[in-house]
Every structure is written in structure tokens, then in C-alpha cells.
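Rule-based calculations on the coordinates, nothing more; no lab input. On a predicted model such as this, the values are computed, not experimentally measured, just so you know. Cβ atoms come from the backbone with ideal geometry, glycine included; neighbour counts cover every protein chain shown.
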Amino acid sequence: MPEVFNWQLGRKMNYPYAERHPRWQFAFVFNINRCIACQTCTMACKSTWTFSKGQEYMWWNNVETKPYGGYPRSWDVKTLGLLDEAHRKAGRNASWDAGQRASDRPYGTYEGMTIFEAARSGERREEVALGYEPSDEEWRAPNFYEDTATGAQDDPAKLNMKPVSLPVHDTWFFYLQRLCNHCTYPACLSACPRGAIYKRPEDGIVLIDQGRCRGYRKCVAQCPYKKPMFRAATRVSEKCIACYPRVEGKDPVTAGEPMETRCMAACVGKIRLQGLARIGEDGTWAEDRYNPLYYLIKVEKVALPLYPQFGTEPNGYYIPPRWVPRPYLRQMFGPGVDEAIEKYSFPSRELLAVLQLFRASQTIMFRYEIIEGEKIFERTVNGKRWAMYNDTVVGFSKSGKEVARVTVEEPKYVRPAKHYNSI
Ligand code: SF4
Ligand code: SF4
């Protein structure tokens, strides 16, 4: 099996295909701390792409309550269980060496096996990646156990009985927003015996060729995020297409400029920012200091990949929730969690400005600039001096046109006296 470099793992890993990379990569950052689970994103996707016969159970975008539930039910617990079992049988540990951090390995080095390597270590070697196919029952609810704080499972009597305070709550839950990660090393693509799945060279979007697919469902079984779905009415599999006509700039609203997907643009909580990352000759992200995604992921390291240990190098990144116990978060987002939460809790002047770009425009922003403003607030937080400045952040489209201008402090509008009590 060829070896490819996975920067999220800080090492080379086995993958069925040799390195080949797109010029740009579709990617996104979700700020979990702000999501209100309104499901507007979910419905924006549903009403655009999955409203037809045989798609009733499909939610290409879903927002699920963690730690319980998931869609399909327990998708991550089951895959983590398979990976644990593979490590136990091989007498290995799924640990990270976070001491070896460097610019090309920002989270250190993962020393365990990925889903590709674990599949080669076991008895079921006909599979390229470790996985399972969910039952019909497991696909039934996109947000099973909604809003249920199951974090204090050791003693259910404790639920909601304790006063809640940061940094970590005793009883907790959070919302996890999910769609296909358009992975750098997609397990769905490598699993397909028909070669029906491909990654586009122009933007890294992963698609299923509906004409080649024969509905073997290998992608459903081997995608660790469970994002390909089988459509009984057509007997083929489907998945998120990253609203590619919008990303291509085909929507008239943005006049030819790349545009964010429906689920991103609809986000009420302003938790989503989507973009395109420039990929260098070596397949890793080319330095692009003032691209908002590059800054959040590579410079500030405040947004982290979902289950990087699976090995697909997912291109969805999350700002972890501050109130959730750290061991749970480290399992989900890797060893960068503590640094990311620290950075988010005491944001730098630049980070606070860039966070204002979330949902400031439907046009994809490729660059930002900050215009400095005056100091508006200062105080000591947890023994540290912290100041806030009313900076202005300006976002630019691919062609360099200004598409967003936002200040850190929300402007106040005072209703003129003649309009008082006018409603
Ligand atoms: S999340 Fe799953 S379906 Fe999407 S590209 Fe990765 S492996 Fe394929
Ligand atoms: S629209 Fe935004 S805030 Fe609402 S559920 Fe989706 S991600 Fe969360």
C-alpha cells in the first residue's frame, strides 16, 4: 500500500492510492460554542438536495446532541470501538506524542493505527478501511436524545442538580454539526470497488458518480463519519456535494465569485465559516497568512479536525466547546484541545476580529484585513489582563472585491423619536 503524508497525524500513513492533491481544498470551521441547534442548516440542505423519493431518511447536514445519540446512532462510538479492538488485538496503543509539535505536525504525532492501517492489521483484510454498515433503525433520527445532558451518566440523579460553572460543567451536552468532510484521503473513495467516487482537482470536493455506482454500499460502511447514504429508490449511494455549483460561482447572486454552501449561508447562530484553502506542491496547505481559514486552523490553531485519528484528514474543523470535560474532547479533536480552548477563552486582538467574519457574507472570503480601532474594554480574567479593541475586519472575495466589513463592537442604532411606539 502506498504511503501518504497526513499533516493532522504528523506522519506518513498507508493509503490505497498514491499522493495526488487538488489545487484548492473545500474546508470549513464550525464554532461549537455558538450553535443553538435551530437546525436551519439542516433544513436548508434538506430543502435543496434531499427532498425526493427514497431520500426521506437522508440528512447530508445534521446537528446532533453529544455525547449521546448521533446520526446514524452511535456512529462514532462504534467506529472508535472497532479501532480500540484492533489496537488491543495488535497489542498497540492509540496514543499521541504531543511533545513532537512542529509547523508540519501542529498536534504532534499520532502513534496509533488509522482506520486504513487497522484494516490491514486484522483478519478482514478484504476491506481497505475499518468500518460497519449501520442498520435501518440506526438511521431513524438525525438528533436522537436531543438536548439531553447525559454527561453525568455515572449518577443520573445528579443531572441538572448542581450549579453550573466554567471551566467544565458536571452535567453537560453540546451540539455537533456534521456534513461530509471532503477528506484529503477519503475512506469512501478508497472503499469503492467501482471507482465511482472521485475528488475534484479544482476544489477537493468528493463526489459519487451516480452512473458508475452500483449500490454496493462499501462507502457507507467504510466512511468513518457515515456520510454516504444509500437511496433505495435508485439503488445507488449519494452524499453531500458541497453545493458545488455555488462554490464554482454559478449562482447569480455572487456574480461569478465562489459562494458558500446552503448550510453555511443559512446559519442563524453565525457559527459557520467556509472557504477554499490553497494546496501546495507537497499536498499540505500552502502558506496563506491572511486567509481566514488558514489563520484559524494553522496560525491560531483554535479550530481542530474531527477525529483526526481516523486518518482521512477531514477538512471540517471545530472550535471545541469550553464547558465539556477535556478527555472527551481530546478523544474527539486530538491533543490540540487545551491550546484551542485557551486561545478561544482569551482571544487575541486578531482572533476576536477574525471571529466577526463568521456569516458576514455568502461570498467565500479568501483574504482579510484589520483596521485598528480604539480600546473599549479592559479587565482581569482569571488573573490575566485582557483588553478589547473596536477593530474593523474587512473580508475580500477571490477577485479581491470587498464583501464584508464588520466591527468588533456591534454598532448601536437609536430609533428616532418620531418612530417611538410606532409598532
Ligand atoms: S467524510 Fe466520509 S463521505 Fe465524506 S469524503 Fe470523508 S470518507 Fe468520504
Ligand atoms: S443553523 Fe447554525 S446555529 Fe442553527 S443548528 Fe445549524 S449550525 Fe447550529
query = With each pseudo-label sitting 7 Å past Cα toward Cβ, what's the ARG20-TYR216 distance in nm, one decimal?
reply = 1.8
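Relative contact order for region 223-377 using alpha-carbon pairs under 8 Å, separation at least 6, rounded to a whole percent? Show your work: numbers first, answer last.
On the way: 187 pairs, mean separation 34.3, N = 155.
Computed value for region 223-377: 22 percent relative contact order.
Where a ≥ b ≥ c are the square roots of the eigenvalues of the C-alpha gyration tensor, would you call region 201-283 rounded, which needs a/c under 1.5, or, failing that, prolate if a/b is larger than b/c, or oblate?
On the way: a/c = 1.82, a/b = 1.58, b/c = 1.15.
The shape class here is prolate.
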message = 5 Å is the cut-off here: which amide hydrogens, built 1.01 Å from N in the peptide plane, fall below it relative to TRP24, excluding neighbours closer than 5 in sequence?
response = ASP203, GLY204, ILE279
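Taking the Cβ of each residue in MET332, MET259, MET365 as the centre, tally the other Cβ atoms inside 10 Å and list the residues starting with the fewest. Before the final figure, lay out the partial values.
Values: MET332 22, MET259 26, MET365 29.
Arranged by neighbour count, lowest to highest, MET332, MET259, MET365 become MET332, MET259, MET365.
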task = Indicate the gyration tensor shape class of the chain (rounded, prolate or oblate), computed on the Cα atoms with a ≥ b ≥ c the square roots of the eigenvalues: a/c under 1.5 is rounded; otherwise a/b larger than b/c is prolate and the rest oblate.
result = rounded
query = Residue by residue through region 55-67, which ³J(HN,Hα) values in whole Hz follow from phi under the Karplus form 6.51 cos²θ - 1.76 cosθ + 1.60 (θ = phi - 60°), with glycine and proline marked x?
reply = 9, 4, 8, 7, 10, 4, 10, 9, 10, 10, 8, 10, x
query = Long-range amide H contacts for ILE319: which residues qualify at under 5 Å (H placed 1.01 Å from N, peptide plane, sequence gap of 5 or more or a different chain)?
reply = PHE30, ASN31, ILE32, LEU304
note = Going residue by residue through region 229-246, the Karplus relation 6.51 cos²θ - 1.76 cosθ + 1.60 with θ = phi - 60° gives ³J(HN,Hα) values, rounded to whole Hz and with x marking Gly or Pro, of 9, 8, 10, 5, 5, 10, 6, 10, 9, 9, 7, 3, 10, 6, 6, 4, x, 5
request  = Considering Cα pairs under 8 angstrom that are at least six residues apart, work out the relative contact order of the chain and quote it in whole percent.
outcome  = 19
query = So between TYR290 and ASN390, what do we pick up on full extension, going 0.36 nm a residue minus the alpha carbon distance?
reply = 34.1 nm
note = The long-range amide H neighbours of SER74, using H built 1.01 Å from N in the peptide plane and a cut-off of under 5 Å, are GLY69
note = Checking region 362-423 for trypsin sites (Lys or Arg not before Pro) in a loop per DSSP with at most 13 other beta-carbon atoms within 10 Å yields LYS401, LYS412
inquiry  = Just want the ordering: PHE173, PHE30, PHE346, PHE5, from fewest to most Cβ atoms lying within 10 Å of their own Cβ.
reply    = PHE346, PHE5, PHE173, PHE30
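How high is the relative contact order of region 1-110? Use alpha-carbon pairs under 8 Å, at least six apart in sequence, and give a whole percent.
Details: 93 pairs, mean separation 31.5, N = 110.
This gives 29 percent for region 1-110.
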ask   = According to a simple spin-label model (label point 7 Å from Cα along Cα-to-Cβ), what is the distance in nm between GLU133 and ALA255?
value = 5.0
request  = List ILE370, ILE297 from most exposed to least, where exposure is judged by having the fewest other Cβ atoms within 10 Å.
outcome  = ILE370, ILE297
task = Restrict the search to region 348-423; then list the GluC sites (Glu not before Pro) that DSSP places in a loop and that have at most 13 other Cβ atoms within 10 Å of their Cβ.
result = GLU372, GLU374
task = Rounded to the nearest Å, what's the spacing between the alpha carbon centres of region 84-99 and region 170-211? Just the number, please.
result = 25
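What is region 1-159 by shape, rounded, prolate or oblate, if you read a ≥ b ≥ c off the alpha carbon gyration tensor as root eigenvalues and call it rounded for a/c under 1.5, prolate for a/b larger than b/c, and oblate otherwise? Display every interim value, and only then the final one.
Working: a/c = 1.56, a/b = 1.39, b/c = 1.12.
Prolate.
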